[in-house]
1. Cα atoms only: what Rg and Dmax, in Å, come out for the stretch 19-99?
2. Exposure proxy check: 212, 377 ranked by fewest other beta carbons within 10 Å?
3. What is the calculated FRET efficiency for residue 322 to residue 173, with r their C-beta to C-beta distance and R₀ = 35 Å, to the nearest 0.05?
4. If I stretch the segment between residue 288 and residue 270 completely, what's the gain in nm (0.36 nm per residue apart, minus their alpha carbon distance), one decimal?
5. Could you give me D for the stretch 243-395, from Stokes-Einstein at 4 °C and 1.567 mPa s, where the hydrodynamic radius is the Kirkwood radius over C-alpha pairs? Units µm² s⁻¹, please.
6. For a footprinting-style exposure proxy, rank 266, 254 by other Cβ within 10 Å, fewest first.
7. I need the P(r) histogram for the chain: all alpha carbon pairs, bin width 20 Å from 0 out to the longest distance, whole percents.
8. Cα-based Rg (one decimal) and Dmax (whole number) for the stretch 1-153, in Å?
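No lab work stands behind these numbers, since they all come straight from the coordinates. All figures in this text were calculated on a predicted structure; none of them were measured in a lab. Cβ atoms come from the backbone with ideal geometry, glycine included; neighbour counts cover every protein chain shown.
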Ligand SMILES: [Zn+2]
């Protein structure tokens, strides 16, 4: 009897393996509509020089208007007018909220919804004390054989300059889009709040004018190479179709306080430590959102045969994959709301027992978890019930944009035209925030993708020392933006 069962199990397993091997052979990328890339010679060095000049303007982001060096933004604006004369001539330019820019390039057909191309002019400051660590000064815009160096080279003056180059070159060829093209360049993405946010002001202005955008393209991940020997060798264009929410929760506990000379064994700080432990040992529930299936499925189909043998069984593998991913901190953040206790405060003096010890915990919410849910979660998992919770900088997670939109498919078509059979365009979730978040009320197709071909190590250099962009990636990105604008601006 036992042998019969064993043979039965082996037979089922054998059938499963055979079916899998056959399925893997047919598990291929979906057909993408062909797109012919127009041959166009980009003068890469000229683009690099423009970017270098733009990096020299110290358009540093500040949390409030008072600290902003508006003169630097003005210099940048004037520079753009000077270097991109056709854009200056053929668009209307508005300065919104002191420093943000809105250029409108009229299309042939006023009945079509305009398309938006987003970028931000501001950059993060260089961390104090690290200025000397840069190989080339952060605002020098130094150019060597391979790179343009400096703050903003990847985030995201590169993007802004390449969009300008693309539009200027299309204008020089006499191209006129079918729909209006809006270039929307915020001035405080890196430090924006509800009150100070150029992107929000532009979006509000569009709403006021009754304008609904067909799509917007903003910063997001880059074009990253996936190369695992024998398993996969492709470029990954991960397009952000949603972004996580954000809230800082200040959690204050109540304790007796008093003089430290008569301190109990455990002071209020011990309660605080328990609170941190409660929060960290009760992580949010993870969720496999639909974009994850599409992401893994699209990548899996592009894998080499051994990779496809595994990935064609994605529905069966999902629980295992979810289990593994939740155990890797960086990967877990795509599956759940992230809890990060980052600040704490005891008493104001060393000889005073804390009466109102508090911690501040930063939460990055997964779409589906609201900020109310975060507060409920805190009240549920923290063992002390007499706590005050204060919400700071709350921002709900965004909606998901569909991958079926023309704009998403345009990225797919253009990337495939640029790298035939060697690129995967898949949806993903943006962990941080972008200006495009504020366009939710005037647009349903919000995409976050920067077409710059950079290594993962370089990409992670964003906001860090020695930020730099390969010159080659600039030229390719100008071509990408030209083609993307042509496809999306069309009927
Ligand atoms: Zn940015």
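1. Just the Cα atoms of the stretch 19-99 yield Rg and Dmax of 22.7, 67 Å.
2. 212, 377
3. It comes to 0.10.
4. 2.9 nm
5. 73
6. 266, 254
7. 21, 49, 25, 6, 0
8. 27.8, 87
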